[in-house]
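Student: Please see the structure below; I have some questions.
FYI, it's all coordinate maths here, none of it is from the lab. What you see is a predicted model; the values in this text were computed from it and never measured. Note that each Cβ is placed from the backbone with ideal geometry, even for glycine, and that neighbours are counted across all protein chains shown.
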Amino acid sequence: MLAYTYLEKGTFRLTDKPKPVLREPGDALVRVTLSSICTSDLHIKHGSVPRAVPGITVGHEMVGVVESVGPGVQTVRPGDRVSVNVETFCGECFFCRHGYVNNCTDPSGGWALGCRIDGGQAEYVRVPYADQGLTKIPESVTDRQALFAGDILATGFWAARIAEIGPEDTVLILGAGPTGICTLLCVLLKAPKQVIVCEKDPARLRFVREHYPQVLTVGPEEVLAFTQAHSDHGGADRVLEVAGAEETFRLAWQCARPNAVVLGYPVITSGKFAHRGSFENLCGADEALLQTMSLENQVRPDVPPFFIWHTVEDQAVPVENSLLLAGALKENNVPFELHLFTHGGHGSSTCTNEVNTPNKHNNAWLPLCMGWLGETLDFTL
């Protein structure tokens, strides 16, 4: 059979391969009726997926008809129309049992199809763990409609699910490509207060405006100010990054509403008690820029609550850094908690043997912080 094969970095080619066979009791053999090319396939071609195995058939977005099944398969049978899940998973390892099937530790688990084992850009594909990896397609759903279910729609659904979107939330979606639109559809099912879509392609923005008039749209150059202006608490309550670019990852955390800040022995001031090396690396010889970098002068009443800890003996970053920040927070009525420990140097981390800075007294900062986070953010660890 013909198969679209990853040969080496930069090279995909149609090659002739034997029809796959069942290897394990949980396998199914699927005759592919429709498949699509994902950007992840292009990442393999460009050498951006180190785990990709040269010689594999690419493709992980596909639908088809079950040709045969192993004796351990219970949920599908020959003749069933199925959508193939992008993630194959054992269902038994630690990650699978906790719902993170993309991290399945089985050699054929996680993103295996079209990356580490032969995928679906071919006439037939062997699907491991078929009971978890195949979903029956209802008669009323076409192959073309079902093609989205195995990867891009599932990605959007999972993102909306783990984001825990509530009715008062402002949700920002970065990217309005196929996966971004699928994510938007799933987010709208959660009925948040406001949805903003950021996209640089004018045609994609136009598509969103035409089909989802209730959604606000903006380009990447204006998204930060736009999101802050259309959010109740200084940023989006939930940000879903669906573009996969370095600049969009940066935008994601810039546009997100912070809800707490935890600082240990922080570099705060550029004044008398500054850690000079940090500011020289940050500002160079730019004195004007240096004057703007004292964080104690940037505190506003709408900044999130702070947890701060420091050691009085810190010779690298003087404890006055934390004291100056605490004073500014108090002046602006921002909730904070400050813990000062008499002994201990800079870089103590968790103050445990694991990081070679054991201190049975100072390591109390961690449970104190966890308790503070639980109380401040209203959750239980």
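Student: May I ask for the angle, rounded to the nearest 10°, between helix 246-255 and the longest principal axis of the chain, with both axes built from Cα atoms and the value confined to 0 to 90°?
Tutor: Between the helix axis and the principal axis of the chain, the angle is about 50 degrees.
Student: About its Cα centre, how strong a charge dipole does segment 154-255 have in debye, to the nearest 20, once Lys and Arg get +1 and Asp and Glu get -1 at the Cβ? Intermediate values should be presented prior to the final figure.
Tutor: Working: 9 positive and 13 negative charges, 57 e Å.
Dipole of segment 154-255, to the nearest 20 debye: 280 debye.
Student: Hey, rough spin-label estimate for Leu34 and Asp378, points 7 angstrom out along Cα→Cβ, what's it come to in nanometres?
Tutor: For the pair Leu34/Asp378, the computed spacing is 4.4 nm.
Student: Positive end of the dipole of the chain, charges at C-beta (+1 Lys, Arg; -1 Asp, Glu), about the Cα centre: which of Leu295, Ala236, Val82 has its Cα farthest in that direction?
Tutor: Val82
Student: Using a simple spin-label model with points 7 Å from Cα along the Cα→Cβ vector, what separation in nm is obtained for Val319 and Val53?
Tutor: With each label point 7 Å from Cα toward Cβ, the separation is 5.8 nm.
Student: So, one more: Taking the Cα centre of the chain as origin, sum charge times position over the Cβ atoms of Lys and Arg (+1) and Asp and Glu (-1), and report the length of that vector in debye to the nearest 20.
Tutor: Details: 30 positive and 43 negative charges, 193 e Å.
For the chain, the charge dipole is close to 920 debye.
Student: Relative to 2.2 N^0.38 Å, what does the C-alpha radius of gyration of segment 261-377 come to as a ratio? Two decimals please.
Tutor: That ratio works out to 1.10.
Student: Report, to the nearest 10°, how far helix 320-331 tilts away from the longest principal axis of the Cα atoms in the chain, using its own Cα long axis and a range of 0 to 90°.
Tutor: Roughly 90 degrees between the two axes.
Student: Another question, if that's okay. Under a GNM of the chain (C-alpha, springs under 10 Å), which listed residue has the highest mean-square fluctuation: Thr170, Thr248, Thr292?
Tutor: Maximum among the listed residues: Thr292.
Student: Here is a follow-up. State the dimensionless ratio Rg/Rh of the chain (Rg: radius of gyration of Cα atoms; Rh: Kirkwood radius).
Tutor: Result: Rg/Rh = 1.06.
Student: First measure r as the distance between the Cβ atoms of Glu354 and Arg97, then evaluate 1/(1 + (r/R0)^6) with R0 = 41 Å and state the FRET efficiency to the nearest 0.05.
Tutor: It comes to 0.95.
Student: Okay, next question. Once each part is reduced to its C-alpha centroid, what is the distance from segment 159-187 to segment 223-291 in angstrom?
Tutor: 23 Å
Student: Give the separation of the Cα centroids, segment 327-351 to segment 113-145, in Å.
Tutor: 53 Å
Student: Here is a follow-up. Can you give the angle from 0 to 90° between the axis of helix 202-211 and the longest principal axis of the chain, with both taken from C-alpha atoms, to the nearest 10?
Tutor: With both axes taken from Cα atoms, the answer is about 80 degrees.
Student: Among 62-73, 173-184, how do they line up by average Cβ neighbours within 10 Å per residue, starting with the highest?
Tutor: Result, highest mean Cβ count within 10 Å first: 173-184, 62-73.
Student: How much length is gained if the chain between Gln298 and Arg161 is pulled fully straight, taking 0.36 nm per residue apart and subtracting their Cα-Cα distance, in nm to one decimal?
Tutor: Here the segment from Gln298 to Arg161 would lengthen by 45.8 nm.
Student: Let me ask something additional. Under 21 Å between C-alpha atoms is the cut-off here; go through the chain and count lysine pairs that meet it, provided they're at least eight residues apart or on different chains.
Tutor: The number of close lysine pairs in the chain is 4.
Student: Taking N as the number of residues in segment 154-255, what is its alpha-carbon radius of gyration divided by 2.2 N^0.38 Å?
Tutor: Segment 154-255 yields a ratio of 0.94.
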